[in-house]
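Student: Okay, here's the structure, questions in a sec.
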Amino acid sequence: MSKTLKYGIMSLLAVMLPLSAMTAQDQMPVRSAPVQTMDPVFVPEYLSVGTAVDLDNPAAYLYPDWNNVYLHTFEGAVLPDTVVVSMNGYCLPTDSTYITDKFGYRPRRGRSHMGLDVKVKIGDTIRAAFDGKVRISKYERRGYGHYLIIRHPNGLETVYGHLSRRLVDENDIVHAGDPIGLGGNSGRSTGSHLHFETRILGNAINPESLFDFPNHCIVTDSYVFTKNKREVYYKVRSGDTLSGIASRNSTSVTNICRLNGISKNTVLRVGQTLRVN
Ligand SMILES: [Zn+2]
């Protein structure tokens, strides 16, 4: 059996591992102090297998093909129930610690924001978050502006938008920390910033579940992505409104109403528990 094939099969086993095989603690990426002071996280042996994959064909165990065309759709892809994403060898894409817009639902615009906006100046160096291969390097006037999508062996694809310049080409192999672009204000953007997305097979993950920009570190050594979202609850406090709760929890009023069988005009009680996701 070839080495690549062996890695492929072992990686496939890894992503199909049932969640029950991990402890409850491992399922909870907890926001915590900088990495060096974190409690050791159980890192299963197969993670080292996953990261050993050839950079020419990163995360081939997850993605059905390699193309420079489609942004976030993957024909014929099967999303596993659980994907363990190793943060091994990460680099924050910018030195900036200032978040200007969060991930999730934006009540003002009535749509979701699939990434995180981090303040950068025009010309600031933007770096690859992990080793990987550049899948898309393009310009989109009405959207991302100059943007890049990089696929990584850990299963993630990262997106870097509104750049003033792209420094890498499609199919280039990059290493974590390599300069890949310069900060800018291109595309649909008001004020220079980096729009940063983290996705698995096109499914957006809140970058703040992985990276802690204000403290310039990571949130967890291994992030456990589960297809079925965890249930999230919120206890109503004095002065809360449904729209306020929705925005704070990156969801919509409609979603909260659906999950709790209430209407948007329902009067909330202090201390009441609402499911928000
Ligand atoms: Zn954005």
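Student: Run T254 past the list (1) under 28 Å from V85 (Cβ atoms); (2) outside the structural domain of L55 (by TED's automatic domain parsing) and report the number of the one that doesn't hold.
Tutor: The one condition T254 does not meet is (1).
Student: Now a separate question. Working only within region 182-226, note down all residues that are out of contact with any strand residue (DSSP E or B) (no Cβ under 9 Å at 6 or more places or on another chain) and within 16 Å of the ligand (Cβ to nearest atom).
Tutor: Answer for region 182-226, where residues must be out of contact with any strand residue (DSSP E or B) (no Cβ under 9 Å at 6 or more places or on another chain) and within 16 Å of the ligand (Cβ to nearest atom): just T190.
Student: Further question: Spot the failing condition for G123; the list is (1) closer than 23 Å to V85 by Cβ; (2) over 18 Å from the mean Cα position of the chain (by Cα), and only one is missed.
Tutor: (1)
Student: While we're on this one: Could you go through region 190-203 and let me know if any residue there is farther than 23 Å from T82 by Cβ, modelled with pLDDT of 90 or more, assigned by TED's automatic domain parsing to the domain that holds Y147 and over 18 Å from the mean Cα position of the chain (by Cα).
Tutor: First, the residues of region 190-203 that are farther than 23 Å from T82 by Cβ: 190-196.
From what's left, modelled with pLDDT of 90 or more: 191-196.
Retained after the next criterion (residues that are assigned by TED's automatic domain parsing to the domain that holds Y147): 191-196.
Restricting the remaining residues to those that are over 18 Å from the mean Cα position of the chain (by Cα) gives 191-192.
Yes, region 190-203 has at least one match.
Student: When region 214-235 is examined, which residues are found to be over 13 Å from the mean Cα position of the chain (by Cα) and part of a loop (DSSP other than H, G, I, E, B)?
Tutor: Within region 214-235, P214, N215, H216, D221, K227, N228, K229, R230, E231, V232 meet the criteria.
Student: Report, by residue number, each residue of region 234-277 that is under 20 Å from K102 (Cβ atoms) and among the hydroxyl-bearing types (S, T, Y).
Tutor: Within region 234-277, Y234, T241, S243, S247, S250, T251, S252, T254 qualify.
Student: Tell me which of these T97 doesn't satisfy, since it passes every other one: (1) buried (at least 17 other Cβ atoms within 10 Å of the Cβ); (2) closer than 21 Å to I180 by Cβ; (3) away from the ligand (no atom under 16 Å from the Cβ).
Tutor: (1)
The values are calculated or read from the model by the stated rules, or taken from the named source; none is laboratory data. If you're wondering where the values come from, they're calculated on a predicted model, not measured in any experiment. Because the Cβ atoms are built from the backbone with ideal geometry, glycine has one as well, and the counts that use them run over all protein chains shown.
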